Amino acid sequence: MTLIQHIRSGGFVMIPLLLMSFATWAIVFERWLRLRKVKKHLKSFSLEAANLLLRGDFDSLERLCRLNEKLPQAQLVQFARERKNSKDSRIQKTWKEAIERKRQAINLEMRSHLWLLGTIATSAPFVGLFGTVVGILQSFRDMAEKGAGGFAVVASGISEALVATAAGIIVAIVALLAYNFFQTQVSQLVIQLRWFVDEILDILSTEPGDHGV
């Protein structure tokens, strides 16, 4: 049997399983590209931004942030300077708390869509099992209608019905592996971002007021 024939033999539950598979791979590629970029530039940007802050070269720092505006590190630096530079005294007093909230929001963004991988990993086997049960019931119904019995009569139908269970397990395994991988990657990035924020806070907290931060 070809792949298309196997998919067709799995019954109607192959439709949601295919959608789950497509969603899984879409999330995998999107998160992989996003996290790869953050991880690639995290160390280099952090060192360069910290050095520019220590030297008080805020024009170069601004250019660096604009060139890397999609990086969470750049967003954190710009956000910190905007809050600390605000003309509103209430915002100035809470700028440290504000940057911590911003960091937490970025953490949530990096974990976006991962919940869907976890949901697919847990639900796909049950969807496949449901399709198998329906297929087996249909096989026995056909046997009753034909008035014939024996394993040979239902073997073909049952073997085709089991395709749904196999498909559900495959989709679940891929989703689970991707979920665990990205959770580990995000956890590492979260810790590194926390270190970066702490360093930026230490530098900005000791900046003289005439530096214009």
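Both radii come from the Cα set of region 7-205: Rg as radius of gyration, Rh as Kirkwood radius; their ratio Rg/Rh reads 1.29. In order along region 41-56, phi translates into HN-Hα couplings of 9, 4, 5, 5, 5, 4, 5, 5, 5, 5, 5, 5, 5, 5, 7, x Hz, rounded to whole numbers, per the Karplus curve 6.51 cos²θ - 1.76 cosθ + 1.60 with θ = phi - 60° and x for Gly and Pro. Counting neighbouring Cβ atoms within 10 Å and putting the fewest first, the residues LEU177, LEU42 line up as LEU177, LEU42.
Here, each number is a calculation from the coordinates, and none is a lab measurement. All values derive from a computational prediction rather than experimental measurement. Backbone-built Cβ (ideal geometry, glycine too); neighbour counts: all protein chains shown.
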